[in-house]
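Please read the structure below before turning to the comments.
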Amino acid sequence: MGLTILSLLIVVLMGLSLGAIFSIWIGGLAMGLLFLLTWPLERWLSLSLQFGRLRLLWFGPIVWLATGGLYLYTLFGTPALQQRRTNVAFKPMTQDVVATPNVIFPKQSSGVLRVEKDTFTYELTLRYRKGVKLQIPKITAHPIFNGPFVMPADKPPKIRFHKSKDGIETKEWVITLVPVSTGPLHTPRFVIRYLKDGKWKKIVVARIAVDVSELGKPQQLLASLRDMKPPTLPERPADQLPWLWISIFATLLLVSLGGSMLLRYQQQHAAPALPPHEWFEVEFDALNKQKLLKKQMFKVHYYALSEIFRGYLERRYTFPALESTTEEIIQWSKEHDMLEQDIYRDIRKSLQWMDSVKFAGRQPADDEMDELEKRLHSIVRRTRQTAEELKKVEEQQREAKGES
């Protein structure tokens, strides 16, 4: 489930980022494609990425249908048309930031613009209390002001600051626009963020509908437009979106996803764990290859052998033998119903004998060392798992892999 949520967050974040950088249509198409790519990812990892009962793969067509529906709504929808602006005095401010958009149509337009003959003015007035920290997007650089509409070079946009009055500061954008497309168009939607009481809040500048008709010859219009001059007052706003933090967050998510997939792959393709008795034999042979006894390093050898034997008991009976003292292991083996008395005595004798070498500095004789090895192998042979127990353990391991 954790891998599914992580994949969902990555896809949504990448789709939103592309939508913010390019357009909502590109973001929607990319998000749907990324959801479809989860299908080969599922086959590669041999798992099912699903959110509840819904697989991530199915989110792709859902996102595409939603994007297509939004496109059709935008194409055929006709938002309410705002009429010619009238001079209205500003109302007393009840909020920290107030943004008021307005559109001024030419008198002869009757609310419907003609491409080759009419221009109109877009005004955005931003009022805010003195001391409020703002993050304002680049108003004049919005794609709508350089796409469906253009800004004539002989009428560059103007940005005005008004002196503070009663603790209220005012900033105003006045942009002259010429439409280059017909149909129901609209002005941009802006998001302005501001800091209050240590928390970032936002206000939304709504769209205004603009109806355009009588499209003439676009080349005549475009030929009359020159390169746009810079605004009267250059803007230096902060970025609307914290792209640095989004990039860092996306990188961390990608790294986490890659690590999760690698761990999942290693878990599924890792060699199955050895049965306890086979593990004991492998570790015992590896210890003997070090030839510590020939080097008279008795304490080191029997300390390691004691750990190996304790590790066998822990794996065989799921008892924390490595963290237990010899007395605790002896008491456990005495009370264990599955152990016969002779096995219990051999376990006790073996552990106490190795402790005498490790802690009391006992010098073992050759026959004592041979007898200990035979006794340990005998304990392992008599307590090894049956075929039914091994099969049950394998099934539990497969179920654990499937859940992870």
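The numbers here are math on the coordinates, done by the rules we state, and not lab data. Owing to the predicted nature of the structure, the values given are computational and were not obtained by experimental measurement. Counting neighbours? That spans all protein chains shown, and the Cβs are built from the backbone with ideal geometry, glycine included.
At a Förster distance of 30 Å, what's the computed FRET efficiency of ILE144 paired with TRP44, Cβ-Cβ distance as r, to 0.05?
0.10
May I ask which of LYS295/LYS374; LYS138/LYS202; LYS133/LYS196; LYS138/LYS196; LYS165/LYS202 have a Cα-Cα span longer than 19 Å here? Mind dumping the intermediate values first?
Working: LYS295/LYS374 21 Å; LYS138/LYS202 16 Å; LYS133/LYS196 8 Å; LYS138/LYS196 22 Å; LYS165/LYS202 23 Å.
From the list (LYS295/LYS374; LYS138/LYS202; LYS133/LYS196; LYS138/LYS196; LYS165/LYS202), the Cα-Cα distance tops 19 Å for LYS295/LYS374; LYS138/LYS196; LYS165/LYS202.
Fully extended, how many nm does the chain gain between ALA286 and HIS336 (0.36 nm per residue separation, minus their Cα-Cα distance)?
Details: separation 50, 0.36 × 50 = 18.00 nm, distance 3.01 nm.
That works out to 15.0 nm of additional length.
Ranked from highest to lowest mean number of other Cβ atoms within 10 Å per residue, what is the order of the peptides 149-159, 378-388?
Values: 149-159: 17.0, 378-388: 13.6.
My ranking of the peptides, most packed first, is 149-159, 378-388.
Figure the gain on full extension for ASP366 and THR100 (residue separation times 0.36 nm, minus the Cα-Cα span) and round it to one decimal in nm.
Numbers: separation 266, 0.36 × 266 = 95.76 nm, distance 9.73 nm.
Residue separation times 0.36 nm, minus the Cα-Cα distance, leaves 86.0 nm.
What FRET efficiency do you get for THR318 and ARG189 if R0 is 56 Å and r is their Cβ-Cβ distance, rounded to the nearest 0.05? Let's see the in-between values first.
Details: r = 62 Å, r/R0 = 1.10.
So the FRET efficiency works out to roughly 0.35.
Taking 0.36 nm per residue of separation and subtracting the Cα-Cα distance, what length does fully extending MET297 through VAL393 add? List each step's numbers first, then the result.
Values: separation 96, 0.36 × 96 = 34.56 nm, distance 3.75 nm.
Length gained, MET297 through VAL393: 30.8 nm.
Please identify which residues in the range 295-334 have an amide N closer than 11 Å to a label point set 7 Å out from the Cα of ARG384, following the Cα→Cβ vector.
none
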